[in-house]
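For reference, the structure discussed in these notes is given below.
The values are calculated or read from the model by the stated rules, or taken from the named source; none is laboratory data. In this text the structure is predicted, and so the values were computed from the model without any measurement. Quick reminder, even Gly has a Cβ in these numbers, built from the backbone with ideal geometry, and neighbours come from all protein chains shown.
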Amino acid sequence: MKRRYYLLTTLLALFWGCEENKMPLPSPRSASTSFGANDTSYVELNPVWDSAQLGVPLDAPGDLTISMDGTLFLADEGAGRIHAFSKAGNLLSGSGLDGLVLESPRALAVDSKLNLLIVNGTNRLFVWNQFLNRVRIDSVADAGLYFDRETGQEITLTFAELRERLAAGGTQPHLRHYLFRHDPARVAEARGIYPVYADPEPSARFNGVAAGKYGEETVYLTESNFDRIVQLLLVPDLALKGQNRTVLFHYTAELKSNVAVYGSGSGTVDDPWSITTDDDENLYFTQLGGNFRVQKLLAGSFSPRYVLYQHAIMDLGRFVKPYDVALDDREGIFVLDGESGSVSKFANSGSKAGQLLSLGQKGLALASFNDGRGLLASDDVVYVVERGAKRIRRFQYSVSESDIPDDEKEP
């Protein structure tokens, strides 16, 4: 469910400016702890982010994801809304962030086009675009003027008609220009949360969502009623033009394939839950049934990367309720098990790939979580959403005390 991003463009920076409720900077829970030269740990940071600290009531917090600009999005399944925070724990508002209301949001992901992808345990995928809510839009278009190379004539096609033409084997016509029109009501609608895909099976239940690799429009969903991982493709169905002539898009989604289906062996699924991808679009998912509760599927072939008896991550009985999986920037795989209340870390490259790694001697290594549901690793900080205590706890990777932010230190 979590993607890592390394590029924040100057254009985005020009538009990013939310109202914030100021809060103190984080400090370590154990600021007096001494570290040895090789004593790497994930040390817990203060303050703990509970309702009082964040300035917003938390009911049943769950999944957590991060956008390219560092905005943290938290799904509160009980409250029926998605909250946005800065990495300092400041509640963000304005630019559409106050309207992120959806019944029982369960899982989140953000793609490279700043689409916030949302599933809520129903048969639908929802999208809200962060950038679209930052820029001024002056017109919309659901059709374009094209030059048809086969006939040598200009034709008008809606986005839907263009998709039908290509699906039938027709050639891609050359776009002359979109047919923009002034439509404030349509712009306002496009800026809200909207459904982009509904599974043909009304009883389908999407629990997890992940975006494809940077620049791609692929989306992956875990579905637990029919036990499968679904691959979708986002395609435009509306163009929106900003006053600086930037063209943005509103989307619908089409089914590409089921990349994994029901079974008890590796590469199959049984009550799949969370999912994420890496930069190569390898898939990582957890499930609450079956023999192998955490798996990695290779991009393209979707064959299992880790196997029983060779890789510790595939050990039978290692996980019971792995509610979330996350990747960090150091080739690490983190797994949050709601049954044991603990987080585990595994290598994802080199000779130790698939093997259990140490979390150190303190902090995250010793922490126990009351109904832990959400997990995120970003910029050397591991975030754990503790639903039972209605809070978020943070742990920073450290090799010495000086690595930990301390609001008591002199600047």
Requested in this report: From the list S264, S274, pick out the single residue that is small (G, A, S), part of a loop (DSSP other than H, G, I, E, B) and under 26 Å from Y323 (Cβ atoms).
Outcome: S264
Requested in this report: For E223, indicate whether it is acidic (D, E) and either closer than 21 Å to V140 by Cβ or out of contact with any Pro (no Cβ under 9 Å at 6 or more places or on another chain) (or both).
Outcome: no
Query raised in the report: Taking the stated definitions as given, is A109 among the small types (G, A, S), in contact (Cβ under 8 Å) with a residue 12 or more places away in the chain and either touching a strand residue (DSSP E or B) at 6+ places or on another chain (Cβ under 7 Å) or more than 17 Å from T246 (Cβ to Cβ) (or both)?
Result: yes
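Yes or no, residue by residue, for (1) modelled with pLDDT under 95; (2) on the phi > 0 side of the Ramachandran plot; (3) surrounded by fewer than 19 Cβ atoms within 10 Å (Cβ to Cβ); (4) assigned to a strand (DSSP E or B):
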position: G169; (1), (2), (3), (4): yes, yes, yes, no
position: V219; (1), (2), (3), (4): no, no, no, yes
position: T222; (1), (2), (3), (4): no, no, no, yes
position: D237; (1), (2), (3), (4): no, no, yes, yes
Query raised in the report: Take the residues of the stretch 62-117 that are of a type in the set (V, I, T) and closer than 20 Å to L248 by Cβ: which is surrounded by the fewest Cβ atoms within 10 Å (Cβ to Cβ)?
Result: T71
Query raised in the report: Picking from S104, S95, which residue would you name as being in a loop (DSSP other than H, G, I, E, B), in contact (Cβ under 8 Å) with a residue 60 or more places away in the chain and either closer than 26 Å to A188 by Cβ or in contact with a Lys or Arg (Cβ under 8 Å, 6 or more places away or on another chain) (or both)?
Result: S95
**Report entry** Among (1) more than 19 Å from the chain's Cα centre (by Cα); (2) surrounded by fewer than 22 Cβ atoms within 10 Å (Cβ to Cβ); (3) part of a loop (DSSP other than H, G, I, E, B) - the single one F292 does not satisfy
**Finding:** (2)
Query - Selected residue (criterion: surrounded by the fewest Cβ atoms within 10 Å (Cβ to Cβ)) from residues of the stretch 358-382 that are of a type in the set (S, T, Y) and farther than 18 Å from K321 by Cα - result: S358
Report summary line: The number of residues in the stretch 248-285 that are without any contact (Cβ under 8 Å) to a residue 60 or more places away in the chain, surrounded by 22 or more Cβ atoms within 10 Å (Cβ to Cβ) and either over 20 Å from G354 (Cα atoms) or touching a Ser or Thr at 6+ places or on another chain (Cβ under 7 Å) (or both) is 2
Report task. Taking the residues in the stretch 314-357 that are polar (S, T, N, Q) and within 16 Å of A377 (Cα to Cα) as candidates, determine which candidate is surrounded by the fewest Cβ atoms within 10 Å (Cβ to Cβ). Result -> S342
Query - Subset of the stretch 125-142 (residues that are assigned to a strand (DSSP E or B) and either surrounded by fewer than 20 Cβ atoms within 10 Å (Cβ to Cβ) or of a type in the set (A, V, I, L, M, F, W, C) (or both)) - result: L125, F126, V127, W128, I137, D138, S139, V140, A141
Requested in this report: Identify the single condition in (1) of a type in the set (S, T, Y); (2) part of a strand (DSSP E or B); (3) modelled with pLDDT under 95 that S402 does not satisfy, given that it satisfies every other one.
Outcome: (2)
